[in-house]
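Colleague: First the structure, which I've put down as structure tokens, then a few questions once you've had a look.
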Amino acid sequence: MHHNPMIVTLDVGSSSVRTLLYDAQGREIAGVGTHIPYVLRTTADGGVEIDADELARLATQSLSTIHSQLREHRLRPAAVAVCTFWHNVLGVGGDCRPTTAVLHPFDTRAAGAGRKLSERIDARLVHARTGCVLDASYLPAKLTWLSETDPEAFRATRRWMSFGEYLFLKLFGRAVASTSMVSGSGLWNQNQNDYDADILRALPVDLAQLCPASEMDQVVTGLKTEYQSLWPEFANVPWYPALGDGACNSIGSGCHNPDRFALMVGTSGALRAVSESPRIEVPQGLWCYRVDRRRFVLGGALSDGGSVFDWGTRTLALPPPDKVEAELAALAPGSHGLTVLALFEGERSPWWRGDARAVIAGLSLHSTPLEILGAALESVALRFREIYDIMTGSLGAPVQVVASGGALLHSPAWTQMMADAMGRPVVACLESEATSRGAALLALERLGAIREVGELPARLGSRFEPDVRHREAYEQARARHRRLYAQLFEQG
């Protein structure tokens, strides 16, 4: 074992590819790493996708850059840890070439297929077993939709896989998956720790087209010859199969047990808790995946997070967030008289209404752009409150909620809204890249450099206590939000 192992991380997110280097204490090493932004391709009918080879090119470019930096600084990594955005899928043919694009979880084209599946099989039982609803975000709906809309590509597909598997196929000639990634597919029985036989029987795919459960989580070494010559420092170190980004974010922000909930708000948002137990009951309204074979991650997600701030800044012609921060902080909750349902990209947790859209009620000639933005940000906080209440009903109240993600941490006023809405302290995580850090910690654990990830706590910053003066205003706002939601969407 390395005396002071350093871990290279590759994080393939929804908007960028990033590489970083971490030391044996889980600390990011300054001056080493890359960040390559990219834009997903969208279509008028709800498609959100990217070409698999283009994304692989960005990943190899990022790895090449950090490899050059390591050689320049005479640093040698002990392992490479990979994480990618959860719930993605592509088809690969017998020639190891993609037959489809990489479909993103926000791709809604499979919504109709999900509804049809719900008519044929018991959606509640599927959710209880797999931790996933029959929504367009997950593979059961996506694979059904592909079989109907692109039968030629479907027939040409020999293997269905995540992008992380495809990257390993290109680099090593082996498409190896992690339990973490497959657990977020909708095909995995969370308590049995295996593929769910009942959901597979309802789909036009065969078990042989998926990564065998016996091969999951295997450490891979021995890059293909072309990559060995390109990256000699990576050639013989262990590479760990891609983990789900949400699991890594929870671990990296120090939320490795149910006492701390991880609140992440980037472009989208999620509230999660990690639990180590033999089995778990999945409450209605939440999803459940896995960090690994022994740890669950339970929570809920919103499609709209920092995107709401971006929308307000752009559409309402407001100054950048740092310029309006003081005014937002001074805006008393509910004083604007507005009720906003910030569902610009549909709803995921807890009710999974992908057809829902944003609503602004109560506008008057006196409503200001700042008030509209403030009400929209309060709305996001109240959506998290709905998730929080379901989680606490299952896991109990946490000691604190740990916040990460640039969209939230750049706005203390919004972080305070989260604390007020949930009625629980929210502590800012100072780890700038909690997701990459989580991947590094899990690699250190697997290397044996640490016993468990909790040995290396995350650096925490400001603590936001819920303001008791705002409790009643948020409860009243929550009631208004629920009434408006029921009037507009529940009848549908």
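What follows is calculated from the coordinates using simple rules that are stated; it is not laboratory data. Note that the structure is a prediction, hence the values are computed from the model and not measured. Every residue, glycine among them, receives a Cβ derived from its backbone with ideal geometry; neighbour counts consider all protein chains shown.
Colleague: What is the angle, in °, between the Cα long axis of helix 471-485 and the longest principal axis of the Cα atoms in the chain? Nearest 10 is fine, range 0 to 90.
Modeller: So the helix axis and the longest Cα principal axis differ by about 80 degrees.
Colleague: Taking 2.2 N^0.38 Å as the expected size of a compact globular protein, what ratio does the Cα radius of gyration of region 132-214 give against it, to two decimals? Intermediate values should be presented prior to the final figure.
Modeller: Values: Rg = 12.6 Å, N = 83, 2.2 N^0.38 = 11.8 Å.
For region 132-214, the normalised Cα radius of gyration comes out at 1.07.
Colleague: Spin-label point model (7 Å from Cα, Cβ direction): what's the Asp53 to Arg293 distance in nm?
Modeller: 3.7 nm
Colleague: A further question on this structure: Taking a ≥ b ≥ c as the square roots of the Cα gyration tensor eigenvalues, with a/c under 1.5 meaning rounded and otherwise prolate when a/b beats b/c, else oblate, which class fits region 76-208? Before the final figure, lay out the partial values.
Modeller: Values: a/c = 1.94, a/b = 1.34, b/c = 1.45.
Verdict is oblate for region 76-208.
Colleague: Could you give the size of the charge dipole of the chain about its Cα centre, using +1 on the Cβ of each K and R and -1 on the Cβ of each D and E, expressed in debye and rounded to the nearest 20?
Modeller: On the way: 48 positive and 54 negative charges, 89 e Å.
Dipole about the Cα centre, nearest 20: 420 debye.
Colleague: Moving to a separate point now. Could you derive backbone 3J(HN,Hα) for region 377-384 from the dihedral phi with the Karplus parameters 6.51, -1.76 and 1.60 (θ = phi - 60°), listing whole Hz in sequence and x where the residue is Gly or Pro?
Modeller: Values per residue, Gly and Pro as x: 5, 4, 4, 4, 4, 6, 5, 5 Hz.
Colleague: Shifting gears a bit: From Cα coordinates alone, what are the radius of gyration and Dmax values for region 312-354 in angstrom?
Modeller: Taking only Cα atoms of region 312-354, I get Rg and Dmax of 13.7, 35 Å.
Colleague: Between Arg174 and His73, what is the label-point separation in nm under the 7 Å Cα-to-beta-carbon projection?
Modeller: Going from the His73 label point to the Arg174 one covers 2.9 nm.
Colleague: In addition: Which loop-located trypsin sites (Lys or Arg not before Pro) does region 31-101 contain, where loop means any DSSP state but H, G, I, E or B and the Cβ has at most 11 other Cβ atoms within 10 Å? Kindly include the intermediate steps, with their values, before the conclusion.
Modeller: Numbers: sites: Arg41, Arg57, Arg71, Arg74; in loops: Arg74.
When the trypsin sites (Lys or Arg not before Pro) of region 31-101 are filtered for loop state and at most 11 Cβ neighbours within 10 Å, Arg74 remain.
Colleague: Taking the chain as the reference, fit the longest principal axis to its C-alpha atoms, fit the long axis of helix 306-315 to the helix C-alpha atoms, and give the angle between the two in degrees, 0 to 90, nearest 10.
Modeller: 60 degrees
Colleague: Out of region 238-279, which trypsin sites (Lys or Arg not before Pro) are coil in DSSP terms and have no more than 16 other C-beta atoms within 10 Å? Walk me through the numbers on the way to the answer.
Modeller: Values: sites: Arg260, Arg272, Arg279; in loops: Arg279.
Filter output for region 238-279: Arg279.
Colleague: Please go through region 60-117 and write out the chymotrypsin sites (Phe, Trp or Tyr not before Pro) that DSSP classes as loop and that have at most 11 other C-beta atoms within 10 Å. Present the calculation step by step, with values, prior to reporting the outcome.
Modeller: Working: sites: Phe85, Trp86, Phe106; in loops: Phe85, Trp86, Phe106.
Listed in order of number, the matching sites amount to none.
Colleague: OK, next. Shape verdict for region 378-447, please, from the Cα gyration tensor: rounded (a/c under 1.5), prolate (a/b greater than b/c) or oblate. List each step's numbers first, then the result.
Modeller: Numbers: a/c = 2.63, a/b = 1.45, b/c = 1.82.
Since a/c reaches 1.5 but b/c is at least a/b, the shape of region 378-447 is classed as oblate.
Colleague: 222 nm [θ] for the chain, helices only, -39500 (n - 2.57) per DSSP H run of 4+, per residue, to 500? It would help to have the intermediate numbers written out before the result.
Modeller: Details: 17 runs with 182 residues, N = 492.
Mean residue ellipticity at 222 nm (helix-derived): -11000 deg cm²/dmol.
Colleague: Can you compute the modelled spin-label distance between Trp351 and Thr43, with each label point 7 Å from Cα toward Cβ, in nm?
Modeller: 3.0 nm
Colleague: Could you work out the relative contact order of the chain, using alpha carbon pairs under 8 angstrom and six or more residues apart, expressed as a whole percent?
Modeller: Result for the chain is 15 percent.
Colleague: Taking a ≥ b ≥ c as the square roots of the Cα gyration tensor eigenvalues, with a/c under 1.5 meaning rounded and otherwise prolate when a/b beats b/c, else oblate, which class fits region 289-395?
Modeller: Details: a/c = 2.15, a/b = 1.99, b/c = 1.08.
It comes out prolate by the Cα gyration axes.
Colleague: Would you kindly compute the Cα radius of gyration of region 7-246 and its largest Cα-Cα separation (Dmax), both in Å?
Modeller: Here Rg and the maximum Cα pair distance are 18.2, 59 Å.
Colleague: Here is a follow-up. Compute the long axis of helix 139-149 from its Cα atoms, compare it with the longest principal axis of the Cα atoms of the chain, and write down the angle in degrees, 0 to 90, nearest 10.
Modeller: Relative to the chain, helix 139-149 is tipped by roughly 80 degrees.
Colleague: Name the residues whose placed amide hydrogens come within less than 5 Å of the amide hydrogen of Ser178, ignoring near sequence neighbours (fewer than 5 apart) on the same chain.
Modeller: Asp217, Ala242
Colleague: Quick query: amide H of Gly354 versus all other amide H atoms, modeled in the peptide plane; which residues come in under 5 Å with a sequence gap of 5 or more or a different chain?
Modeller: For Gly354, whose amide H was placed from the backbone, the distant partners under 5 Å are Glu347.
Colleague: For the chain, with the dipole built from +1 on Lys and Arg beta-carbon atoms and -1 on Asp and Glu ones, taken about the Cα centre, which of Ser404, Ala301, Leu171 lies farthest toward the positive end?
Modeller: Comparing the listed Cα positions along the dipole, Leu171 ranks first.
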